[in-house]
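Engineer: Let me begin by handing over the structure; questions about it come next.
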Amino acid sequence: AKIEGRNSYRFFTEEMQQQSMRTLELSNALHHAIQNNELHLVYQPQISANSSTIIGAEALLRWNHPIFGNVSPSEFIAIAEDNGLILQIGEWVLRNAIAQTKLWIDKGLPPIIMAINLSAVQFRDTALPELIASILQEIQLPPEYLEIELTERAAMHDPEKAIVTMNKLHNQGIRMSIDDFGTGYSSLSYLKKFNIYKLKIDQSFIRDINTDAEDKAIVGAIIDMAKGLDLLTIAEGVETVSQLKFLKNQGCDEIQGYLFSKPLIPSEFESFVAERFNG
Ligand code: C2E
Ligand code: CA
Ligand code: CA
Ligand code: CA
């Protein structure tokens with residue numbers, strides 16, 4: 001048993017070493033990702049539950065590295081938060097998603113709201129509201145086309161400070177939504193004070209919504225509460241018609257997920273919009 005213990009210990013540390021080696025290599029590679037044009041954005045449609053029209057899109061970051069291939073944002077965003085690159089990468093995301101939105105308006109596409117994910121680190125940066133204002137000014141996009149998605153966890157990290165930043169963004173005409181809602185232990189009293197307009201119901205509650213009585217109850221309660229607080233709701237990770245039916249019955253406002261579309265590159269997004277609006 002002793003030897004077995006030693007072996008499994010050694011195996012464990014080797015695996016850990018390999019993992020931290022990968023993290024280190026990714027961290028180094030990330031420093032050149034912007035200059036080397038390895039980053040791009042994909043856009044996932046957000047659909048009205050009732051009319052099936054496109055209301056918005058969520059910009060999702062992709063990193064394609066020549067050796068590591070496609071690295072998941074769940075992995076490299078965390079690394080960028082640790083090594084400090086997140087501010088630079090986050091600014092790149094803001095600038096590119098805002099420029100894409102402007103391009104689509106200029107091309108005559110029906111107006112949509114562009115939802116951009118913000119890291120907690122970006123949200124804590126006191127220069128954030130001015131940064132967003134200057135990018136909007138530079139690209140000449142009116143603020144009402146922009147939505148900032150902040151995770152519930154990030155908002156609740158320092159809720160009093162979050163309120164101040166949310167108020168600043170709101171005063172600039174920018175919409176804010178709470179992402180991954182239901183997983184971040186919001187105190188409901190804060191929800192009332194947050195200057196937000198939409199809750200994104202986390203996909204972990206949507207997955208088994210047709211079979212799991214608890215998930216049904218949670219999602220129903222979130223939608224009812226949101227209505228009481230005059231907030232919109234969007235369900236993410238919707239993959240099946242039966243999930244859609246349940247959500248529509250509950251009064252969920254918007255739907256995002258593979259049922260309608262996976263995240264798309266700009267040309268695919270344009271085709272998706274064209275097909276929907278031409279009937
Ligand atoms: P998130 O913001 O919760 O994004 C939703 C994730 O669910 C995305 O994964 C999306 O591709 C995926 N998804 C969409 N529809 C479905 C569906 O029907 N079924 C399933 N199973 N999944 C679906 P993705 O693109 O891999 O992004 C993962 C996370 O990385 C995001 O979670 C977000 O936290 C982070 N992220 C992505 N882009 C950015 C960014 O530009 N900035 C920041 N700070 N974080 C980002
Ligand atoms: Ca999101
Ligand atoms: Ca989410
Ligand atoms: Ca359960």
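The values are calculated or read from the model by the stated rules, or taken from the named source; none is laboratory data. Note that this is a predicted model, so its numbers are computed, not measured. Backbone-built Cβ (ideal geometry, glycine too); neighbour counts: all protein chains shown. Only protein heavy atoms, including side chains, enter the accessible area calculation; ligands, DNA and RNA are left aside. Shrake-Rupley method; radii C 1.70, N 1.55, O 1.52, S 1.80 Å.
Engineer: Take the residues in region 131-151 that are touching a Lys or Arg at 6+ places or on another chain (Cβ under 9 Å) and assigned to a helix (DSSP H, G or I), then tell me which one is surrounded by the most Cβ atoms within 10 Å (Cβ to Cβ).
Structural biologist: TYR145
Engineer: Among the candidates ASN96, ASN70, single out the residue that is touching a strand residue (DSSP E or B) at 6+ places or on another chain (Cβ under 7 Å) and either part of a helix (DSSP H, G or I) or of a type in the set (A, V, I, L, M) (or both).
Structural biologist: Working: ASN70 fails: either part of a helix (DSSP H, G or I) or of a type in the set (A, V, I, L, M) (or both).
Just a single option satisfies the conditions, and that option is ASN96.
Engineer: One residue is enough: does region 180-195 have a residue meeting the conditions open to solvent by less than 50 Å² (accessible area, probe 1.4 Å), away from ligand 2 (no atom under 12 Å from the Cβ), part of a loop (DSSP other than H, G, I, E, B) and aromatic (Phe, Trp, Tyr)?
Structural biologist: yes
Engineer: Give the number of residues within region 208-223 that are surrounded by 13 or more Cβ atoms within 10 Å (Cβ to Cβ) and farther than 21 Å from MET156 by Cβ.
Structural biologist: Just the residues of region 208-223 that are surrounded by 13 or more Cβ atoms within 10 Å (Cβ to Cβ), to begin with: 208-210, 212, 215-216, 218-220, 222-223.
Within this subset, residues satisfying the condition of being farther than 21 Å from MET156 by Cβ are 208-210, 212, 215-216, 220.
Going through region 208-223 one residue at a time, the tally reaches 7.
Engineer: Exactly one of (1) open to solvent by 20 Å² or more (accessible area, probe 1.4 Å); (2) more than 16 Å from ligand 2 (Cβ to nearest atom); (3) among the aromatic types (Phe, Trp, Tyr) is unmet by PHE205. Its number?
Structural biologist: The single condition PHE205 does not satisfy is (2).
Engineer: Related question: When you look at LEU103, is it farther than 20 Å from PRO263 by Cβ, modelled with pLDDT of 95 or more, open to solvent by 20 Å² or more (accessible area, probe 1.4 Å) and assigned to a helix (DSSP H, G or I), yes or no? Don't jump to the end; show me each part of the working.
Structural biologist: Values: farther than 20 Å from PRO263 by Cβ: no; modelled with pLDDT of 95 or more: yes; open to solvent by 20 Å² or more (accessible area, probe 1.4 Å): yes; assigned to a helix (DSSP H, G or I): yes.
So LEU103 does not fit the description; no.
Engineer: Same structure again: Looking only at residues that are part of a strand (DSSP E or B) and open to solvent by less than 20 Å² (accessible area, probe 1.4 Å) in region 32-41, which one is nearest to ligand 4 (Cβ to nearest atom)?
Structural biologist: Here is the first cut: in region 32-41, the ones part of a strand (DSSP E or B) are 39-41.
Okay, now just the ones that are also open to solvent by less than 20 Å² (accessible area, probe 1.4 Å), so 39, 41.
Values: LEU39: 37, LEU41: 34 Å.
The extreme case among them is LEU41.
Engineer: Can you work out which of the residues in region 28-66 that are within 23 Å of ASP82 (Cβ to Cβ) and in contact with a Pro (Cβ under 6 Å, 6 or more places away or on another chain) is nearest to ligand 2 (Cβ to nearest atom)? Lay out the reasoning, then the answer.
Structural biologist: We begin by selecting, within region 28-66, every residue within 23 Å of ASP82 (Cβ to Cβ); these are 28-36, 38-41, 59-66.
Keeping just the survivors that are in contact with a Pro (Cβ under 6 Å, 6 or more places away or on another chain) gives 60-61.
Details: LEU60: 8, LEU61: 11 Å.
Once the filter is applied, the top-ranked residue is LEU60.
Engineer: OK, next. Which of the residues spanning region 152-179 are open to solvent by 30 Å² or more (accessible area, probe 1.4 Å) and in contact (Cβ under 8 Å) with a residue 12 or more places away in the chain?
Structural biologist: ARG153, MET156, HIS157, ASP158, LYS161, ASN167, LYS168, HIS170, GLN172, GLY173, ARG175
Engineer: State whether one or more residues within region 42-60 are more than 22 Å from the chain's Cα centre (by Cα), over 23 Å from GLU149 (Cα atoms) and assigned to a loop (DSSP other than H, G, I, E, B). Before the answer, list the steps.
Structural biologist: Within region 42-60, the first condition is being more than 22 Å from the chain's Cα centre (by Cα), and the residues that meet it are 50-51.
If we keep only those that are over 23 Å from GLU149 (Cα atoms) too, we end up with 51.
Then drop every residue that is not assigned to a loop (DSSP other than H, G, I, E, B), which leaves 51.
So far as region 42-60 goes, yes, one or more of its residues are more than 22 Å from the chain's Cα centre (by Cα), over 23 Å from GLU149 (Cα atoms) and assigned to a loop (DSSP other than H, G, I, E, B).
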